């Protein structure tokens, strides 16, 4: 049977082991806490990098949306002008078709009347021909004033396009350096 001194020595030995293991546990816990702090700091830097990178992307997307809006307004202006041009050309075609028919009818009628007048009034026809030559010479010397045409369409509103200024996208990620030794 063990003596009381042996039991006390065993208990003392166990207490020393517990004390030693507790010191190791405290050291390991401190090191784990330090590693958790490093991990937390690294995670925060990563989230900050992601947040600032997304902020740059949002800014670029907003600028893209503004430019697309301006482009859309320009396209609407172009379409407006094309509609006006199409309407004017259609009016010109209709007026030209009607005018050509009238001109052909008038030309035939006038040629017929001219032939009759020349036959009935030959001396006067020669005088009229001389008068026409004289008018042509005067018109060549002093041409009639040019008539300014009236605009035939409403002008389209054109958007004002500001000069393109790219957004500054210089972005550098936050660098984390581990200053805590493991």
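Residue-wise test of (1) outside any helix (DSSP H, G or I); (2) at pLDDT below 90; (3) within 18 Å of residue 158 (Cβ to Cβ).
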{"residue": "66", "(1), (2), (3)": "no, yes, yes"}
{"residue": "75", "(1), (2), (3)": "no, no, yes"}
{"residue": "79", "(1), (2), (3)": "no, no, yes"}
{"residue": "92", "(1), (2), (3)": "no, no, no"}
{"residue": "99", "(1), (2), (3)": "no, no, no"}
{"residue": "103", "(1), (2), (3)": "no, no, no"}
{"residue": "108", "(1), (2), (3)": "no, no, no"}
{"residue": "111", "(1), (2), (3)": "no, no, no"}
{"residue": "114", "(1), (2), (3)": "no, yes, no"}
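Taking every residue in segment 7-33 that is without any contact (Cβ under 8 Å) to a residue 24 or more places away in the chain and at negative phi and pairing it with any residue that is outside any helix (DSSP H, G or I) and exposed (fewer than 10 other Cβ atoms within 10 Å of the Cβ), at least 6 positions away or on another chain, the pairs with Cβ-Cβ distances below 9 Å are 10/2.
Only one of the numbered conditions (1) under 30 Å from residue 173 (Cα atoms); (2) under 37 Å from the mean Cα position of the chain (by Cα); (3) free of Cβ contacts under 8 Å to residues at least 12 places away in the same chain is not met by residue 86, and that is (1).
In segment 135-177, which residues are closer than 30 Å to residue 41 by Cα, loosely packed, with under 10 Cβ neighbours inside 10 Å and either in contact with a helix residue (DSSP H, G or I) (Cβ under 9 Å, 6 or more places away or on another chain) or at pLDDT 70 or above (or both)?
Matches in segment 135-177: 168, 170, 172, 175.
Please pick out the residue among 157, 107, 136 that is touching a residue at least 12 places away in the same chain (Cβ under 8 Å) and either more than 30 Å from residue 35 (Cβ to Cβ) or under 35 Å from the mean Cα position of the chain (by Cα) (or both).
Details: 107 fails: touching a residue at least 12 places away in the same chain (Cβ under 8 Å); 136 fails: touching a residue at least 12 places away in the same chain (Cβ under 8 Å).
That would be 157, the only listed residue that is touching a residue at least 12 places away in the same chain (Cβ under 8 Å) and either more than 30 Å from residue 35 (Cβ to Cβ) or under 35 Å from the mean Cα position of the chain (by Cα) (or both).
Out of 49, 37, which single residue is surrounded by fewer than 12 Cβ atoms within 10 Å (Cβ to Cβ), more than 17 Å from the chain's Cα centre (by Cα) and touching a residue at least 24 places away in the same chain (Cβ under 8 Å)?
Details: 49 fails: surrounded by fewer than 12 Cβ atoms within 10 Å (Cβ to Cβ).
Criteria check complete, one pass: 37.
The values are calculated or read from the model by the stated rules, or taken from the named source; none is laboratory data. All of these numbers come straight from a predicted model, not from anything done at the bench. When we count neighbours, we look across all protein chains shown, and the Cβ atoms used for this are built from the backbone with ideal geometry, even at glycine.
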